[in-house]
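The values are calculated or read from the model by the stated rules, or taken from the named source; none is laboratory data. All figures in this text were calculated on a predicted structure; none of them were measured in a lab. Note: areas computed on protein heavy atoms with side chains; ligands, DNA, RNA excluded. Shrake-Rupley method; radii C 1.70, N 1.55, O 1.52, S 1.80 Å.
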Amino acid sequence: MEQHNTSSIKRYFFDCEFRDTDETGFQIEFISLGIVSEAGDELYCIDAAFKPESVDDAWLHDHVIRKLPSKEQWRSMDEIRAALMNFFEPAFEQEFWAKNGCYDHYILCRVFGGMGRFRDIMKAEKGTERITFRDTNEVRRQRPNISLPMQPEREKHIAINDARYEREIYNILTNSDE
């Protein structure tokens, strides 16, 4: 078995773009994932299986689809999984932070086949014993008096930009002397 540096904690800030595919809200379609490590390394993936021409939601077109890069940059799910595994560093604990991240956490796990499979892969490949999903609103609520920069509207709903922004907010809130 490969040896891993498992004495550390690694934090990742991420965002996913997706669409609801039925009225019940129990079916979603993955569009993109942006992830930024605590150290500032970045990965941006768009699912090549996503078919924007099948979307009839004007809001999604205006706020997400028109901001996606050219299809030449989109990746298959196998390529996305491999890129994420190359991106993640070995650590005893991995924290994944997202704002209002319930769907984001679900999507990240689904990329690997579900929560149990994600945990098994992270343990085998990265020596991870603990995976924690966190919401950046936690630190916002703990530090309500700190003034935070606004994310420019043109940058919103681009998964990598949203991930960068959440990392910035986390750093401001956790490094403040308020």
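Amide H neighbours of R134 under 5 Å, counting only residues 5+ apart in sequence or on other chains, H built in-plane at 1.01 Å?
Under 5 Å from the amide H of R134 lie the amide H atoms of F96, W97, A98, each far enough along the sequence or on another chain.
How much of the accessible area of the stretch 29-80, probe 1.4 Å, is carbon plus sulfur, in whole percent? Provide the component values of the computation, followed by the final result.
Values: 1290 of 2680 Å².
Summing carbon and sulfur atoms, their accessible area is 48 percent of the total for the stretch 29-80.
Report T24's accessible area, 1.4 Å probe, all protein chains in place, as a number in Å² to the nearest 10.
The accessible area comes out at roughly 90 Å².
Lysine pairs in the chain 8 or more apart or on different chains: how many have alpha carbons under 28 angstrom apart?
Summing the qualifying lysine pairs gives 15.
List the extent of the Cα atoms of the stretch 72-153 along each of their three principal axes, largest first, rounded to whole Å.
42, 36, 20
In whole Å, what are the extents of the stretch 126-178 along the principal axes defined by its C-alpha atoms, from largest to smallest?
37, 30, 15
Give the carbon-plus-sulfur fraction of the accessible surface of the stretch 111-178 in %, rounded to a whole number; probe 1.4 Å, heavy atoms of protein chains only. List each step's numbers first, then the result.
Details: 1700 of 3850 Å².
Using a 1.4 Å probe with all protein chains present, the stretch 111-178 comes out at 44 percent carbon and sulfur.
For the stretch 1-145, with every protein chain kept in place, what is the accessible area per residue (1.4 Å probe, Å²)?
On the way: 7860 Å² over 145 residues.
On a per-residue basis, 54 Å².
Taking Cα pairs under 8 Å and at least six residues apart, what relative contact order does the chain come out at, in percent?
Values: 278 pairs, mean separation 54.3, N = 178.
Computed over the chain, the figure is 31 percent.
Evaluate the Debye formula for the stretch 20-125 with equal point scatterers sitting on the alpha carbons, no solvent, and hand back log10 of I(q)/I(0) at q = 0.18, 0.22 Å⁻¹, in q order, two decimals.
One equal scatterer on each Cα of the stretch 20-125 leads to -1.02, -1.45.
Classify the chain as rounded, prolate or oblate, taking a ≥ b ≥ c as the square roots of the eigenvalues of its Cα gyration tensor: rounded when a/c is under 1.5, otherwise prolate if a/b is larger than b/c and oblate if not. Kindly include the intermediate steps, with their values, before the conclusion.
Numbers: a/c = 1.80, a/b = 1.12, b/c = 1.60.
Cα axes put the chain in the oblate bin.
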